[in-house]
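K.L.:
Quick one: the structure is below, and I'll ask about it shortly.
Please treat every number below as a calculation from the coordinates, not as lab data. Keep in mind the model is a prediction, meaning the values are calculated, not measured. Quick reminder, even Gly has a Cβ in these numbers, built from the backbone with ideal geometry, and neighbours come from all protein chains shown.
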Amino acid sequence: MPFRPITTQGMEMESKKTSRHPKKQEVKEELITLEEERMYREGTVAIRDLIAPSAFRVESSFIQLGGVFLRTIFVVSYPRYISVGWSAPILGMNIAMDVSMFFYPIKSAIILKQLKKKVGALEAQISADAEKGAPRDPIRETALRDIEQLRDDLTQGIEHFFQFAFYVTIYAKDKEELEKATEDIENVFGSKLIYSKHVLYQAEQGFTSTLPLGIDDLVVSFNMNSSPVASSFPFISSELSSDTGIMYGINRHNNSLIIFDRFSLQNANMVVFATSGAGKSYAVKLEVLRSLMFGIDIIIIDPEMEYMHLNEAVGGTYINISLASESKVNPFDLPRPVGQQISTEDIIRSAVITLKGLVRVMIGVMTAQEDSIMDRALLETYAKKDITIDSDLSTAEPPIMQDLVDVLEGMDGAENLVLKLRKFTEGTFAGLFNAPTNVNTNNQLVVFSVRDLEDELRPMAIYSLVNYIWGIVRSERKKRMLVIDEAWWLMQHEDSAKFMYALVKRCRKYYLGVTTITQDVNDFLNSQYGQAIVTNSALQLLLRQSPASIDTIQKTFMLTEGEKYLLLEGSAGEGIFFAGLKHAAIKVVASYTEDQLITSDPRQLMEIEKAKKDYEEQMKQ
């Protein structure tokens with residue numbers, strides 16, 4: 001096979017060719033490098049591969065991205081007047097959505113020329129109607145005034161002109177949910193006299209118009225001057241600041257202060273839901289400490305002796321309720337009304353109904369016969385102490401549990417009731433209800449501690465205490481707060497739950513605000529009375545929640561997915577604060593001095609106790 005021998009001369013010629021075309025060689029090498037890089041990248045995973053949907057299907061009125069359905073809604077026209085923040089109800093809906101707004105500035109000269117023609121046409125029409133003797137047309141006259149005002153503002157530079165486009169793309173799991181979300185959004189638009197439509201044969205263009213690309217493929221705009229365009233500003237921040245009230249915390253949306261007066265709402269009730277260690281007692285103690293400075297009387301039912309340090313610091317009254325305690329609260333006490341007079345008969349009947357509820361909590365379910373016997377026995381027990389419809393309650397001495405047992409012993413068919421109640425008069429539990437009331441509640445802060453009671457006795461003790469406090473509240477109308485910590489104890493029995501609901505519903509008339517605190521959210525909200533208590537509480541504070549209860553919380557308070565994860569991942573003292581129809585993310589903060597008084601951290605409390613002992617020893621020396 002012939003071949004050309006490689007000679008020195010041939011090598012020199014090849015070298016000369018290469019040197020004559022160095023750029024071609026570089027291009028060739030670069031192409032080879034790019035091809036090699038392309039082949040390498042084909043076998044790697046990029047971010048777009050991770051976020052890209054598995055499929056993309058375009059229908060006439062919606063798009064399917066994998067298992068998600070999308071539809072775009074656009075605004076066609078607006079009313080003559082539109083309020084500031086009109087888009088807030090749309091943005092606040094619990095629906096996954098993307099919102100895009102496009103602003104196209106128009107030169108004032110062009111608009112003034114068009115408005116001049118419009119003014120001429122309107123004036124000609126109005127003059128023609130006047131010559132014909134036709135009645136005036138208010139619509140034309142209003143339009144003429146609006147156009148003249150706009151011409152003046154544009155000429156003076158007060159206003160500018162835009163073409164404004166507003167698009168909303170909604171996401172749903174299936175077609176039914178997509179249709180419902182579409183209807184909900186169009187209804188909200190319609191309630192504000194804003195006319196909207198959803199895309200038809202432009203689903204892909206609507207989707208790309210709401211992507212963060214700045215591309216308007218729909219091009220459905222509306223002529224607007226700068227004032228109504230400014231009202232479309234979408235970043236609405238929930239403000240919960242008022243001129244009066246106490247500071248509950250910091251608004252995490254904009255770092256403003258959440259200052260509120262709970263007595264300025266339709267009711268002054270509040271519910272606090274959180275897991276153990278999330279800061280619910282800390283937040284409530286901070287509210288109590290700050291409310292005391294405004295002269296509000298506060299009564300607290302403390303199940304874990306958490307309020308004792310705060311009580312000592314402010315000079316409050318601390319009452320320990322236990323079987324061996326000297327402090328007694330008689331469930332047979334009656335309110336002594338001052339000011340608005342209430343008939344004695346109504347007071348006695350109300351006390352009998354409440355006591356029957358307490359007895360059911362104490363001994364369990366009663367038969368219809370036993371219920372009737374108990375009703376008569378309670379009336380006779382009061383009558384035994386000369387408390388009848390004609391009595392003066394200000395001087396009456398109420399009966400005790402032993403008096404009720406004595407009356408029942410003389411009644412036929414009450415043997416079983418006597419047997420069950422005797423342990424509260426002679427048995428182990430005799431020290432709880434079988435004595436006259438001897439506590440002094442004449443103080444701005446009163447704390448009832450039930451820590452030393454057995455779990456079996458706590459529901460009935462808290463029920464009795466709440467009833468006693470309710471009697472104090474009805475005796476004198478003044479601004480008060482009642483804090484019930486671990487209120488789920490009352491939700492365990494229907495009678496106590498019903499009594500709690502009645503208290504929350506009626507307390508507004510007596511200037512009382514009830515704060516209900518619980519960590520057992522599921523038990524509380526699964527009760528019909530628990531749901532009703534939440535409904536009748538104008539203030540709600542949600543702190544960190546457990547995964548087991550978050551779905552119930554989300555459904556009850558209609559939280560968005562973002563708010564749901566905020567409650568799951570928030571630190572201690574972080575959550576969501578509801579006041580009426582408004583709500584905002586909150587962080588509860590306290591000053592150093594406040595923190596020393598209200599902390600529940602065991603380590604911090606030990607340090608405080610140690611510092612206190614060291615100080616006392618130094619004073620002795």
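K.L.:
State to the nearest 20 debye the size of the charge dipole of the chain about its Cα centre, where the only charges are +1 on K and R beta carbons and -1 on D and E beta carbons.
P.N.:
In debye, rounded to 20, the chain gives about 2320.
K.L.:
Based on the alpha carbons, how large is the Rg to Rh ratio for the range 501-608 when Rh follows Kirkwood?
P.N.:
Result for the range 501-608 is an Rg/Rh of 1.01.
K.L.:
Taking the Cβ of SER226 as the centre, find all other residues whose Cβ is under 12 Å away and add up their charges (Lys, Arg: +1; Asp, Glu: -1).
P.N.:
-2
K.L.:
Can you list, bin by bin at 20 Å, the percent of alpha carbon pairs in the chain, starting at 0?
P.N.:
14, 32, 25, 18, 7, 2, 1, 0
K.L.:
Right, here's the next one. Compute, for the range 331-436, the length of the dipole vector about the Cα centre, with Cβ point charges of +1 (Lys, Arg) and -1 (Asp, Glu) only. Units Debye, rounded to 20.
P.N.:
I would put it at about 400 debye.
K.L.:
Determine ³J(HN,Hα), in whole Hz, for all residues of the range 486-491 in sequence, where each value follows from phi through the Karplus function 6.51 cos²θ - 1.76 cosθ + 1.60 and θ = phi - 60°; x replaces Gly and Pro.
P.N.:
Values, residue by residue: 6, 5, 5, 4, 6, 7 Hz.
K.L.:
Counting other beta carbons within 10 Å of each Cβ, put THR208, THR354 in order, fewest first.
P.N.:
Ascending Cβ contact count within 10 Å gives the list THR208, THR354.
K.L.:
Given LEU432, ILE348, MET401, which one lies farthest toward the positive end of the charge dipole of the range 331-436, if we put +1 on the Cβ of every Lys and Arg and -1 on the Cβ of every Asp and Glu?
P.N.:
So the residue we want is LEU432.
K.L.:
Give the long-range amide H neighbours of VAL483: residues separated by 5 or more places, or on another chain, with amide H under 5 Å away, using H modelled in the peptide plane at 1.01 Å from N.
P.N.:
Here the answer is ILE299, ILE300, ILE301, THR515, since their amide H atoms fall under 5 Å of that of VAL483.
K.L.:
For each of SER496, SER322, count neighbouring Cβ atoms within 10 Å of the residue's Cβ, then give the residues from fewest to most.
P.N.:
SER322, SER496
K.L.:
What's the exposure ranking of ILE353, ILE299, going from fewest to most Cβ atoms within 10 Å?
P.N.:
Starting with the residue having the fewest Cβ neighbours, the order is ILE353, ILE299.
K.L.:
Then there's this: Along the charge dipole of the chain, pointing to its positive end and built from +1/-1 on Cβ of Lys, Arg, Asp and Glu, which listed residue (GLN540, ALA502, SER227) has its Cα farthest out?
P.N.:
Checking the options against the dipole of the chain, the answer is SER227.
K.L.:
Please express the shape of the range 57-230 as an equivalent ellipsoid: the semi-axes are the square roots of 5 times the eigenvalues of the C-alpha gyration tensor, given largest first in whole angstrom.
P.N.:
38, 18, 14
K.L.:
Seen from all sides and averaged, what is the projected area of the convex hull of the Cα atoms in the range 331-436, in nm²?
P.N.:
Its Cα hull, projected and averaged over all orientations, spans 6.7 nm².
K.L.:
Could you run the Karplus curve 6.51 cos²θ - 1.76 cosθ + 1.60 with θ = phi - 60° over the range 136-150 and give me ³J(HN,Hα) per residue in whole Hz, x for Gly and Pro?
P.N.:
Karplus-based 3J(HN,Hα) across the range 136-150 equals 5, 10, x, 5, 5, 5, 5, 4, 5, 5, 4, 5, 5, 5, 5 Hz.
K.L.:
Rounding to the nearest 10 and keeping the result within 0 to 90°, find how far the Cα-based axis of helix 22-42 lies from the longest principal axis of the chain.
P.N.:
30 degrees
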